[in-house]
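> Sharing a structure here in structure tokens format.
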């Protein structure tokens, strides 16, 4: 599976697609169903190439995202439902304050990554 890891190590999206398609060719016969599933999500699989090279490894690695989610869960009490619009607004303000907390307390590179994901979800910023 080292071939699949090489998809993330390419310098641009076109090179990543080339490596991914050679991966398909090599494994298609043995793992037809798996390869078809990967082909179905190819666009989502390569979305990290739309972001600056400096943060790409953080995108295809979920550690930072999981850490951010844990901070949100820890700081915000879970809500099963919102009885009125005011309670939803209060929760949104709390979520925004949690995001600011993360940005101010995490290292600069992590905070930049979260800001980019929040401001430009799956859009091209590179």
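The values are calculated or read from the model by the stated rules, or taken from the named source; none is laboratory data. Quick caveat, the model's predicted, so the values are computed rather than measured. Using ideal geometry, Cβ is built from the backbone for each residue, glycine included, and neighbour counts are taken over all protein chains shown.
> Among the residues of the range 86-101, is any more than 27 Å from residue 7 (Cα to Cα) and either modelled with pLDDT under 70 or part of a loop (DSSP other than H, G, I, E, B) (or both)?
First pass over the range 86-101, keeping only residues more than 27 Å from residue 7 (Cα to Cα): 86-101.
Within this subset, residues satisfying the condition of being either modelled with pLDDT under 70 or part of a loop (DSSP other than H, G, I, E, B) (or both) are none.
Looking through the range 86-101, none of the residues is more than 27 Å from residue 7 (Cα to Cα) and either modelled with pLDDT under 70 or part of a loop (DSSP other than H, G, I, E, B) (or both).
> Would you check if residue 48 is surrounded by 12 or more Cβ atoms within 10 Å (Cβ to Cβ), in contact with a helix residue (DSSP H, G or I) (Cβ under 8 Å, 6 or more places away or on another chain), at pLDDT below 75 and in a helix (DSSP H, G or I)? Lay out the reasoning, then the answer.
Numbers: surrounded by 12 or more Cβ atoms within 10 Å (Cβ to Cβ): yes; in contact with a helix residue (DSSP H, G or I) (Cβ under 8 Å, 6 or more places away or on another chain): yes; at pLDDT below 75: no; in a helix (DSSP H, G or I): yes.
The answer is no for residue 48.
> Here is a follow-up. Against the conditions (1) in a loop (DSSP other than H, G, I, E, B); (2) at pLDDT below 80, where does residue 29 fall short? Just the number, please.
Of the numbered conditions (1) in a loop (DSSP other than H, G, I, E, B); (2) at pLDDT below 80, the odd one out for residue 29 is (2).
> Based on what the data block shows, is residue 66 loosely packed, with under 12 Cβ neighbours inside 10 Å, assigned to a helix (DSSP H, G or I) and at pLDDT below 75? Spell out how you get there, then give the answer.
Working: loosely packed, with under 12 Cβ neighbours inside 10 Å: yes; assigned to a helix (DSSP H, G or I): yes; at pLDDT below 75: yes.
In short, yes.
> Let me ask something else. Which of the following residues is within 19 Å of the chain's Cα centre (by Cα) and either at pLDDT 85 or above or exposed (fewer than 13 other Cβ atoms within 10 Å of the Cβ) (or both): 42, 15?
Values: 15 fails: within 19 Å of the chain's Cα centre (by Cα).
Selected residue: 42, the only one of 42, 15 that is within 19 Å of the chain's Cα centre (by Cα) and either at pLDDT 85 or above or exposed (fewer than 13 other Cβ atoms within 10 Å of the Cβ) (or both).
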